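Novice: Shown below is the structure under consideration.
The values are calculated or read from the model by the stated rules, or taken from the named source; none is laboratory data. Just so it is clear, the model here is predicted, and its values are computed rather than measured. With ideal geometry, Cβ positions are generated from the backbone for all residues, glycine too; neighbour counts draw on all protein chains shown.
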Amino acid sequence: MTDSLPGLTLTALRTSETTAAQTPADVLVVAVRPDGSQAGVEVLAEGTGLAESVVDTLARDLRTIGAGGSADETTRMLAPDGVSAETVLAVGIGRRDPETPETLRRAAGAAARALAGVGSAVLALPGTTPVQSAAAAEGALMGAYAFTGFRSSPDAGKAPLAAVVVAGRVGDAQDRQLARARVIAAAVHRARDWVNPPPGDLTPAVFADDIAAAAAAVGVAVEVLDEGALAQAGYGGILGVGRGSANPPRLVRLAYRPEQARGHLGIVGKGITFDSGGLSLKPAEAMIGMKTDMSGAAAAVAAVLAAAELALPVAVTVYAALAENMPSGTASRPQDVLRMYAGTTVEVLNTDAEGRLVMADALARAGEDEPDLLVDIATLTGACTVALGNRVAGLITDDESAADRVRAAADAAGEAVWPLPIPEEMRSKLDSMVADIANVGNRFGGALQAAAFLREFVPSGIAWAHLDIAGPARNPDAPHGYTPKAGTGFGVRTLVTLAEQLA
């Protein structure tokens with residue numbers, strides 16, 4: 001198992017034939033939770049191979065130093081006799097079910113974050129199945145992340161945990177699950193690495209070049225349409241958003257086509273590399289964080305690259321609609337009318353509702369490929385964040401089967417989504433006096449109106465679902481579990497799992 005993938009260097013993932021207690025490492029990671037006595041914690045040792053004497057000693061020492069076992073709480077101490085590692089890190093899981101994959105991911109992620117700068121950690125978390133051990137490894141790898149490319153010194157922040165060890169190797173099934181976990185974590189890291197750079201360093205053209213290079217490295221076909229090609233093909237939405245910027249827009253199409261594919265997943269990702277609001281200018285403070293408005297495109301592209309890495313027997317086609325939304329003398333004006341790729345005309349009442357314009361063009365084009373399921377993913381509306389907060393994405397569609405598929409994939413991946421409707425009255429709110437449709441209505445139900453707008457551009461007969469990730473794509477608060485501050489890579493795991501399920 002390699003420690004790097006094209007364009008990425010990652011925390012090493014190792015396996016050990018011995019038990020966790022016998023495996024040499026800098027740190028042994030165990031999970032704990034409140035024991036109900038208000039005076040101590042329970043060490044969750046089932047399936048870990050830790051001796052009862054070791055468990056009893058750890059529980060006693062943790063009680064002495066006041067560990068509580070709340071979620072994400074970490075306590076580090078010297079290892080007791082019977083443990084080869086030098087120290088032990090106890091990570092709390094709170095009241096969560098200790099053996100669910102998501103609990104294991106979060107616990108391992110919190111441990112990895114706490115162990116930045118450490119050489120190696122062996123996991124002794126509960127659970128004995130390959131899926132459980134892989135979930136813990138995936139969480140640790142996702143938690144072991146740092147974005148330091150723009151620091152003046154590479155040592156300005158602690159380097160991520162160097163190596164994660166999964167002990168008690170049980171055979172080929174576990175190896176396959178661990179290999180998958182590594183690819184998934186790498187894809188999440190790749191998406192974060194695209195989301196986090198300064199917006200001036202990731203313009204649409206630079207982003208498109210990065211995507212093309214990453215795709216070539218894994219054998220995914222790529223086509224990049226520049227501003228000339230976009231104009232020739234009639235992509236009025238993408239051009240209308242991008243024309244105010246000195247950095248012209250791009251539309252990137254990626255196609256993964258394995259032999260004997262057993263399904264076809266289409267994905268459209270919003271790639272606004274910076275969103276000033278255009279002439280409908282955002283307040284200054286609202287522009288902070290708008291470099292992350294391309295998180296949907298980052299997740300979509302990272303997912304198709306992961307599908308190729310995993311050699312999934314399913315076709316995946318991705319469209320990344322890339323533009324920079326800036327004010328200038330050439331920018332689209334409020335009440336301008338754009339003619340979209342599908343021929344529909346759109347009155348632009350608010351240039352800050354630009355994401356749906358680039359997505360509409362890409363959705364119309366993606367539908368021509370006739371996928372079995374078409375999913376779009378976008379940091380589309382602040383309204384969705386108001387409704388669902390910073391950790392839950394909105395899942396919006398009027399196709400119950402598509403909603404069930406996407407939600408099942410998100411649940412399996414451990415990413416939180418919540419279904420929202422598209423009431424029929426939402427379409428009437430988008431009526432225009434001069435064009436086929438307006439890009440905004442009133443301020444009530446903004447996320448639902450945006451989905452109603454997108455639905456107009458999905459070709460008839462195509463199963464479609466919309467993921468509004470405006471909340472969970474960026475974490476402005478303290479890190480938690482395997483989630484760092486800033487770009488999160490949300491959506492990558494759901495999309496890869498959805499591709500696996502379609503296959």
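Novice: Looking only at the stretch 206-252, which residues are surrounded by fewer than 14 Cβ atoms within 10 Å (Cβ to Cβ) and of a type in the set (Asp, Glu)?
Specialist: Of everything in the stretch 206-252, just one residue is surrounded by fewer than 14 Cβ atoms within 10 Å (Cβ to Cβ) and of a type in the set (Asp, Glu), namely 223.
Novice: Also: Filter the stretch 74-113 down to the residues that are among the charged types (D, E, K, R) and under 16 Å from residue 27 (Cα atoms), then identify the one that is surrounded by the fewest Cβ atoms within 10 Å (Cβ to Cβ).
Specialist: Kept after step one, since they are among the charged types (D, E, K, R), are these residues of the stretch 74-113: 76, 81, 86, 95-97, 99, 102, 105-106, 113.
Filter once more, so that each one left must be under 16 Å from residue 27 (Cα atoms): 76, 81, 86, 113.
Working: 76: 16, 81: 8, 86: 14, 113: 26.
Filtering first and then ranking leaves 81.
The rows are residues; the columns are (1) part of a loop (DSSP other than H, G, I, E, B); (2) within 15 Å of residue 207 (Cα to Cα); (3) outside the structural domain of residue 489 (by TED's automatic domain parsing).
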position: 229; (1), (2), (3): no, no, no
position: 247; (1), (2), (3): yes, yes, no
position: 254; (1), (2), (3): no, yes, no
position: 260; (1), (2), (3): yes, no, no
position: 267; (1), (2), (3): no, no, no
position: 272; (1), (2), (3): no, yes, no
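Novice: Continuing with this model, one more query. Would you say residue 361 is at negative phi and in a helix (DSSP H, G or I)? Before you say what the answer is, go through the steps one by one.
Specialist: On the way: at negative phi: yes; in a helix (DSSP H, G or I): yes.
In short, yes.
Novice: Then there's this: From the list 377, 437, 396, exactly one residue is modelled with pLDDT of 95 or more, within 18 Å of the chain's Cα centre (by Cα) and closer than 24 Å to residue 235 by Cα. Which is it? It would help to see each step written out before you state the result.
Specialist: Numbers: 437 fails: within 18 Å of the chain's Cα centre (by Cα); 396 fails: closer than 24 Å to residue 235 by Cα.
Result: 377 is the single residue among 377, 437, 396 that is modelled with pLDDT of 95 or more, within 18 Å of the chain's Cα centre (by Cα) and closer than 24 Å to residue 235 by Cα.
Novice: I need a count of the residues in the stretch 190-205 that are assigned to a helix (DSSP H, G or I), buried (at least 20 other Cβ atoms within 10 Å of the Cβ) and more than 19 Å from the chain's Cα centre (by Cα).
Specialist: 1
Novice: Looking only at the stretch 416-459, filter to residues that are among the aromatic types (Phe, Trp, Tyr) and in contact (Cβ under 8 Å) with a residue 40 or more places away in the chain; which one of those is farthest from residue 380 (Cα to Cα)? Give the steps one after another, and end with the answer.
Specialist: To start, the set of residues in the stretch 416-459 that are among the aromatic types (Phe, Trp, Tyr) comprises 418, 444, 453, 457.
After this cut, where a residue has to be in contact (Cβ under 8 Å) with a residue 40 or more places away in the chain as well, the list is 453, 457.
Numbers: 453: 12, 457: 16 Å.
The extreme case among them is 457.
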